[in-house]
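Here is the structure we will look at, set down as structure tokens.
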Amino acid sequence: MIKLAFIFLLLACTASFGQQAPKPYGPLPTQAQLNWQETEMYCLIHFGPDTYTDKEWGYGDEDPAIFNPTKFDAMQIVGAAKAGGFKGILVVAKHHDGFCLWPTKTTEHNISHSPYKNGKGDIVKEFKEACDKLHMKLGIYCSPWDRNSALYGKTEYVTDVYRKQLQELYTHYGPLFITWFDGANGGDGYYGGAKEVRKIDRSTYYDWETTWGVVRKLQPNAVIFGDVGPDVRWVGNENGIAGQTCWATYTPHAPEAGKAPGNGFTKDREGIQGQRAGQYWMPAECDVPLRPGWFYHASQDGKAKSPDTLLSLYYKSVGRGACLDLGLSPDKDGLLSKDDSTKLTLFGSTLYDMFYRNLAKGASFSASNIRAGNEAKFGPANLIDDDRYSYWATDDNVTTPELIINLHRSITFDVIRLRENIKLGQRIEEVAVDAWLNGQWQQIATATSIGGNRLIKLPKTIETNKVRLRITKSPVNIALSDFGLFNEPRTITSLLGSKNESN
């Protein structure tokens with residue numbers, strides 16, 4: 001009896017072990033990175049002296065008296081972003097000209113010396129309050145480069161000015177979902193009246209590990225964006241486009257041998273695709289302005305990207321596992337133009353109309369393998385629930401499974417969505433999708449690097465009642481969390497008129 005009981009216990013333990021989750025593969029995301037991935041889209045707000053000087057980069061000698069947005073309305077700007085389907089905004093609290101949009105104690109070159117609200121204004125605070133009211137996430141960018149500061153280029157600028165500015169922002173305007181650092185550092189500027197060129201060692205000047213420590217201490221739930229991450233990387237262009245193959249894993253490299261990479265000092269083209277064998281989980285952000293420029297220019301009125309163009313960028317950023325960071329530029333009154341707002345709203349309506357219903361809902365599945373035969377825990381029905389991290393998994397030795405999706409009716413679609421449970425890493429390298437057409441399987445799509453989100457826009461609409469998914473390359477067993485079929489709404493450019501189109 002004792003021997004028999006031992007055998008039963010051994011079998012039970014073996015079965016239980018076989019139902020354990022797959023082992024994680026490669027670098028893994030933090031909770032902050034997961035939160036960022038789910039955000040998908042946010043808007044970068046450029047607003048300041050450059051709005052009034054018709055420049056993209058201010059020299060640093062601008063008089064604060066020029067900044068007086070008499071109709072500024074943070075609710076209008078944040079509301080337009082929300083109507084566009086964006087889930088957060090990223091405020092440029094200080095651009096390269098050094099003018100601070102909050103009443104900082106670190107420099108006189110700030111909003112308290114402007115006529116806005118008689119020197120009592122605080123643009124960052126107003127954006128925070130609008131985000132709170134509209135349930136939008138808030139992020140902050142404070143430019144490392146400061147063309148106004150007499151101390152720029154010296155150690156004292158980093159320790160006594162820049163980091164103290166970060167401390168003020170992260171203490172008084174949180175919680176933040178992202179903190180943003182870029183690579184525009186050093187060059188000509190006003191620099192307290194010196195009017196000269198100042199260069200810094202981009203590899204060492206900011207002592208990024210220490211500077212990032214300010215974020216970790218004061219905003220531990222925020223990701224840090226930069227050319228070198230460490231949480232989110234720049235995609236390497238300002239076109240809003242990630243590579244067709246785009247890995248969430250990445251190792252930044254300096255352009256000069258023997259030096260450490262830094263913001264503004266990387267082989268930035270590597271950010272477009274990332275690396276399959278990248279050392280860190282560091283997915284890409286794709287940034288691009290809604291208008292041709294980042295700041296407002298009257299000459300660019302009516303030239304905002306159309307909803308169709310924005311949708312194309314969505315496929316090429318969010319649809320490739322990145323997040324889309326779209327630049328918005330309030331005008332001299334402190335408002336988004338009607339044309340900009342209208343295009344954002346139409347874009348948001350397009351996304352809603354496309355994704356509000358997964359056409360694969362109600363389907364039945366036939367999988368070539370289910371991990372330990374456990375349908376409830378690892379079965380393909382998890383692909384169409386509302387949990388981004390429930391998943392279909394296979395046994396350890398099954399890396400190229402197939403799945404037949406019986407839709408039980410004829411449907412039409414032209415967009416396919418796949419997601420992995422990235423809590424277990426980015427695993428799948430290549431997939432193929434077939435449709436049952438004219439009595440046989442016909443391949444309709446392939447894709448690489450699935451990760452947190454992969455959208456496949458088909459060249460034409462498919463009508464079928466059965467679809468087959470084939471995992472054609474993966475180094476380990478799979479953990480696929482989502483399968484969706486959708487229809488892109490009809491083109492809406494015609495509603496605006498082609499004359500307003502700008503790619």
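Heavy-atom accessible area for residue 154, with the other protein chains in place and a 1.4 Å probe, reaches approximately 110 Å². Taking the helices alone, the chain has a mean residue ellipticity at 222 nm of -6500 deg cm²/dmol, built from -39,500 (n - 2.57) per DSSP H run of at least 4 residues and averaged over all its residues.
Ligands, DNA and RNA left out, the 1.4 Å accessible surface of segment 295-369 is 50% carbon and sulfur atoms. Charged side chains reduced to their Cβ positions (Lys and Arg at +1, Asp and Glu at -1) give the chain a dipole of some 1220 debye around its Cα centre.
For segment 266-328 versus segment 85-156, the inter-centroid distance based on Cα atoms is 23 Å.
What the phi angles of segment 299-314 give under the Karplus curve with 6.51, -1.76 and 1.60, with θ = phi - 60°, is a coupling list of 5, 9, 4, x, 10, 5, 4, 6, x, 5, 5, 4, 5, 4, 5, 4 Hz, glycine and proline written as x. At a probe radius of 1.4 angstrom, the accessible area of the chain per residue rounds to 41 square angstrom.
Going by the alpha-carbon gyration tensor, a ≥ b ≥ c the square roots of its eigenvalues, is segment 109-153 rounded (a/c under 1.5) or, if a/c is not under 1.5, prolate (a/b greater than b/c) versus oblate? The shape class here is oblate. For residue 309, the accessible area of its heavy atoms, probed at 1.4 Å with every protein chain present, is near 20 square angstrom. Accessible-area rank, largest first, for 30, 39: 30, 39, with all protein chains present and a 1.4 angstrom probe. Pairs of Cα atoms in segment 342-395 fall into 10 Å distance bins, from 0 up to the last occupied one, in shares of 23, 36, 21, 15, 6, 0 percent.
Protein heavy-atom surface of segment 232-292, 1.4 angstrom probe: 49% of the accessible area is carbon and sulfur, with nucleic acids and ligands not counted. Which shape class applies to segment 166-282: rounded if a/c is under 1.5, otherwise prolate when a/b exceeds b/c and oblate if not, where a ≥ b ≥ c are the square roots of the Cα gyration tensor eigenvalues? Oblate. Working ranking of peptides 347-357, 123-133 by packing, defined as the average number of other Cβ atoms within 10 Å per residue, highest first, is 123-133, 347-357. The accessible area of residue 268, taken with all protein chains in place and a 1.4 Å probe, comes to roughly 60 Å².
Projecting the Cα atoms of 103, 41, 253 onto the charge dipole of the chain (Cβ charges, centred on the Cα centre) puts 41 farthest toward the positive pole. Rounded if a/c is under 1.5, else prolate if a/b beats b/c, else oblate: with a ≥ b ≥ c from the C-alpha gyration tensor eigenvalues square-rooted, which is segment 247-372? Oblate is the answer for segment 247-372, as a/c is 1.5 or above yet b/c matches or exceeds a/b.
The values are calculated or read from the model by the stated rules, or taken from the named source; none is laboratory data. Small disclaimer: the values here were computed from a predicted structure and weren't measured. A quick note on method: Cβ atoms are made from the backbone with ideal geometry, for glycine too, and the neighbour counts reach across all protein chains shown. Protein only, heavy atoms only, side chains kept; ligands, DNA and RNA dropped before computing areas. Shrake-Rupley method; radii C 1.70, N 1.55, O 1.52, S 1.80 Å.
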